[in-house]
Amino acid sequence: MANEAAAGVKLPIYMDNHATTRTDPRVLEAMLPYFSEIYGNAASRNHEFGWVAEQAVDTAREQIAKLIGATAKEIVITSGATESNNLALKGVAEMYHEKGNHIITQLTEHKCVLDTSKRLEKLGYKVTFLTPQKDGLISLDDLKAAMTDQTILVSIMTANNEIGVIQPIREIGKLCHEKGILFHTDAAQAAGKIPLDVIADNVDLMSLSAHKVYGPKGVGALYVRRRNPRVQLVSQMDGGGHERGMRSGTLNVPGIVGMGKAFELAGQEMAEESKRMLALRESLREQICGQLDEVYINGNMEHRLPGSLNISFAYVEGESLLMGINDIAVSSGSACTSATLEPSYVLKALGAGDELAHSSIRFGLGRFNTQAEVDYVANKVVDVVRRLRELSPLYEMHKDGVDLTKVKWQAEPAAH
Amino acid sequence: MAYSDKVLDHYTNPRNVGTMDKGSAEVGTGLVGAPECGDVMKLQIRVNPETNVIEDAKFKTFGCGSAIASSSLATEWVKGKTVDEALQIKNTDIVKELSLPPVKIHCSVLAEDAIRAAISDWKKKNG
């Protein structure tokens, strides 16, 4: 790490802000009193301790609602976007099962939407998993074609966690509303990064997370529309009837205060911050793509979160690349870095080909990244990719003019 | 994932990286794995026709750090061995030497396959 001082950066560098973000110090400061002197249960209606806690939760609910153009009464607090997505899909399916049994979603959703959908399939619901276009965007024609008179819910994420692609949620919502279908969107990655307005965007249910927006982990929310139409849910957590009966459980007051503060800051700083993120992202992209051949950007570049960049470095395997840049925190779509030993299902759904999925790196820029860090990361990535390509038989074959798609590969070795 | 020091060493300083003339009668080439599986190894040996001793070995690998280390180690081990001795190298020896975790055993299997494929190519040429 001798060049650390020279580069003017502190190592390791965190550039995995799609996974989680650092809690903003201003958020932490807002939360602290609620761990100590203000410790009441927000559901305690008969004493001062409870009232103060409830007041803090109400304020946070306003702050959360404001960022997405909702009202405070439409915000159901949860433990995070995974729970929100579970509640939205299962809660709607159970509530509206007499109206229909069909749900539409897409292959590039987060696992918690896909796996919830698969569970609903087992329970007898029919689920259509749409394949996005090559750039990651959903085709509105495909969506329209998939709708039937049995369709009760469409769940399409606002922005994707791996490739940052932003879906046309306003148009999707409009299509849904024309057909009387509810529209749910997982906005965990999008909230606080791009402007959202549940009314203009025709959203009926929206999942939100605090820790993706410089808030604390373990807290999130589900927006549930109250008017035109009034959305009803069957709660998936039984108990004391908190959150207007939609989600029982004592409220995580410090976490909720933190989420409120994080969302308030995001609303105030989004315009400026997104410009800064975009400039950093473009600098990273230009430096990498300008110095290396055979690099491919995954996902649409125009409809994309400002801090998001996903690149496949052909002929270099992702995990070996991560090993070489181990002073930089990023993610790879390589099978070797996943728990399932499968390459990124998101990139596969885009038809990228498994070999490019194995070679992908996701860069997630955030509030605390600097230009010096971007420069360091770009140089390091370029160096390591060049070194690994020297080692790569595929790069050599490519340079020799061999068409790798025509080679008869000896696939998985036989078991020994 | 934590890598053993030996894997890190081979990754950082891979031994015997390179390419030999695969048209030469003394050279055997093994190319195993597949890009869509995330692992491709090319291992080449140059065999002395008088003694059947592997006098040189080179590799190039597309794959994770453990795959790179397994093939790098394989080239070290085959050098100086006769062809028959090299065929005795087992993937389990590689697992042991590099302390590979269970999810990386396939890397060692691929390295053993690469040795066998290179020798079989050489035998075909000199059959």
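Restriction of the GluC sites (Glu not before Pro) in the stretch A:287-375 to DSSP coil positions whose beta-carbon has at most 12 other beta-carbons within 10 angstrom yields A:302. Looking at the stretch A:111-217 alone, DSSP beta bridges between its own residues are antiparallel in about 10 percent of cases. Pairs from the list A:275/A:380; A:118/A:406; B:60/B:124 with a Cα-Cα gap above 28 Å: A:118/A:406. Checking the cross-link pairs B:22/B:58; A:66/A:99; B:6/B:104; A:73/A:122; A:408/B:22; A:348/B:6 against a 22 Å limit on the alpha carbon distance flags A:66/A:99; A:73/A:122; A:348/B:6 as lying beyond it.
If you take all other residues with their beta carbon under 13 Å from the beta carbon of residue B:24, and give Lys and Arg +1 and Asp and Glu -1, the sum is -1.
Rounded to whole Å, give me the distance from the Cα center of the stretch B:44-64 to that of the stretch A:305-322. First find each Cα centre; the distance between them is then 32 Å. Net charge in the neighbourhood of residue A:377 (other residues with Cβ under 12 Å of its Cβ; Lys, Arg +1, Asp, Glu -1) is -2. Please report the net charge: other residues with Cβ closer than 14 Å to the Cβ of residue A:260, K and R +1, D and E -1. That sum, taken over residues with Cβ under 14 Å, equals -2.
At a Cβ-Cβ separation cutoff of 4.7 angstrom, cysteine residues of chain B with no neighbouring cysteine are B:37, B:107.
Calculated from DSSP H runs of 4 or more alone, at -39500 (n - 2.57) each and per residue, what is the 222 nm mean residue ellipticity of chain A, nearest 500? Taken over chain A, the calculation gives -12000 deg cm²/dmol. In the protein assembly as shown, taking the dipole from charged Cβ atoms about the Cα centre, the farthest positive-side position among A:137, A:101, A:268 is held by A:101. Taking Cα atoms only, the orientation of helix B:105-125 departs from the longest principal axis of chain B by about 10 degrees.
Sites listed here are GluC sites (Glu not before Pro) in the stretch B:16-103 whose DSSP assignment is loop and whose Cβ has at most 10 other Cβ atoms within 10 Å: B:50. When the Cα positions of B:122, B:92, B:17 are compared along the charge dipole of the stretch B:5-125, B:122 comes out farthest toward the positive end, with charges on each C-beta of Lys, Arg, Asp and Glu. For the stretch A:72-150, the list of GluC sites (Glu not before Pro) that fall in a loop by DSSP and count at most 12 other C-beta atoms within 10 angstrom reads A:98. In a reduced charge model with +1 at each Lys and Arg Cβ and -1 at each Asp and Glu Cβ, the stretch B:5-125 shows a dipole moment near 160 debye about its Cα centre. Under 20 Å of direct C-alpha separation, and excluding same-chain neighbours fewer than eight residues apart, residue A:217 reaches these lysines: A:111, A:193, A:261.
What you get for chain A, charging only the Cβ of Lys and Arg (+1) and of Asp and Glu (-1), is a dipole of about 880 debye around the Cα centre.
Rule-based calculations on the coordinates, nothing more; no lab input. These figures come from a predicted structure and were not determined experimentally. Heads up, the Cβs are rebuilt from the backbone with ideal geometry, glycines too, and the neighbour counts pull from every protein chain shown.
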